[in-house]
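The next block holds one structure in the form of structure tokens; read it before the comments.
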Amino acid sequence: MVLFGIIVYCTVFALAYAWAAVWMLERKEKKYRQGSSSFTDAFLVGAFILVFVYFSNMVVMMRWTDAAFTYDLALLAGLAAFAIYKEVLYRARDNYASRRMRAEARLLERYMLKDPGNAAYFERASELYEKLGDREKAIEAARMAAKLDPTVRNTWRFKELMGEDPCSAGGKGRSDTP
């Protein structure tokens, strides 16, 4: 009965540990929009962690029963350290990307003042403002882009930012040709 309890504990602990490690790696995409890990990579990392934690826990529990609790605490401390490291890394990359986008937006603002008839500047500025979370500026830039170059793309972008359904006007599907 004790062996069954050890097997169940090691299985549950290893599954939870592997899930937590994979979850930390996937935060990169979900929270910080920094690209995604492929399913294959996440599966391989999770499988390796699962097998390692399961078998190492089994060995420690069978051989050094008194040290099993300490070993699991050490594993959890390692996981916590990894989580802190990844969070700091993701935040640093996110801050760097935000600084670059703000710099690009400032540069575009100067270009828009020099050449107010260039719709491409307003299109890009609208995209940047939306990523930076400045919805009002994104809408205004999209409005100007649609006004200067009334293509389907610019009109759709403006309507999407305004919260309208672009398909409702005219009943046409989305296409690049007018």
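Values quoted throughout were computed directly from the atomic coordinates according to the rules given, and no laboratory measurement underlies them. Keep in mind that this is a model prediction, so the values were computed, not measured. For neighbour counting, all protein chains shown are included, and Cβ atoms are generated from backbone atoms with ideal geometry for every residue, glycine included.
The table for this structure:
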{"quantity": "P(r) of the stretch 84-151 over all Cα-Cα pairs, binned every 10 Å from zero, in whole percent", "calculated": "22, 44, 21, 10, 3"}
{"quantity": "Surrounding net charge for Tyr121, when Lys and Arg each add one and Asp and Glu each subtract one, Cβ distance under 12 Å", "calculated": "-3"}
{"quantity": "Summed side-chain charge close to Leu148 - residues other than Leu148 whose Cβ falls under 12 Å, Lys, Arg +1, Asp, Glu -1", "calculated": "-1"}
{"quantity": "For the stretch 79-164: lysine pairs under 22 Å (alpha-carbon distance), excluding those fewer than 8 apart on one chain", "calculated": "7"}
{"quantity": "Cα shape, the stretch 2-95, gyration tensor, a/c 1.5 rule", "calculated": "prolate"}
{"quantity": "Ranked packing of 147-155, 107-115, 119-127, most packed first, by mean Cβ within 10 Å", "calculated": "119-127, 147-155, 107-115"}
{"quantity": "Viscosity 0.692 mPa s, temperature 37 °C, Stokes-Einstein D of the stretch 115-162 from Kirkwood C-alpha radius, µm²/s", "calculated": "328 µm²/s"}
